[in-house]
1. Inside region 140-156, can you point out the residues that are surrounded by 18 or more Cβ atoms within 10 Å (Cβ to Cβ) and more than 20 Å from GLN126 (Cβ to Cβ)?
2. Tell me, which residue of region 180-194 that is without any contact (Cβ under 8 Å) to a residue 60 or more places away in the chain and touching a helix residue (DSSP H, G or I) at 6+ places or on another chain (Cβ under 7 Å) is farthest from CYS119 (Cα to Cα)?
3. If a residue has to be more than 25 Å from LEU128 (Cα to Cα) and among the β-branched types (Val, Ile, Thr) to count, how many in region 22-57 make the cut?
Amino acid sequence: MARLKNLDDRERWREFYDLYRGLIMGVARKAGLREEEAQEVLQETMSSVSKNIGDFKANPAQGSFHAWLLTMARWRILDQFKKRMPFSASRQTAADSTDTTPTVERIPDPQGAELEKLCDEEWNRQLLGQALAELQASIKAEHYQIFHLLTIQQKPAKEVARMLGKNAARIYLIKHRAGKELQVILKKLHQRLG
């Protein structure tokens, strides 16, 4: 985060953009935004991060960086939905009006809770994707293939053993070791990315 606070560190900002672009776009799309709206959410979120990163303090009691980032993305997503809404007559009231807020505007937005869930799901999906890429780079290609067939594609171990000409015990051992390595990678990613 310290390097991000230096707005002139283009390399770090490029890494940051590459890492979080998919997360923000994925959440925006899953929330129901069109592609151009999702792009706008991405750009506005990145702009907000660059403007507010100086105020961000890493403090687990106040939440992680990715939670802070996703909060900003949620606000931008809600802004996009508000842009879709027709101009309401209730918003035309004068500032000194004594009218009460219409009932419909006092009801909590259920989409806020849904957006939080979408953000968490997309964050976990992005982390898993990154972890799988790191796992693939760190173990033998054959071992990754076995792990992928068993875990991602959910193929039975006997079928994988037959396909690759290995015994089932060896297949299980490789899956177990690769799974442990994946957990180590995920833990490091959580520590590194918040």
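What follows draws every value from the coordinates through simple rules; no lab data is involved. No experiment lies behind these values; they were computed from the predicted model shown. With ideal geometry, Cβ positions are generated from the backbone for all residues, glycine too; neighbour counts draw on all protein chains shown.
1. HIS143, ILE146, LEU149, LEU150
2. GLU181
3. 1
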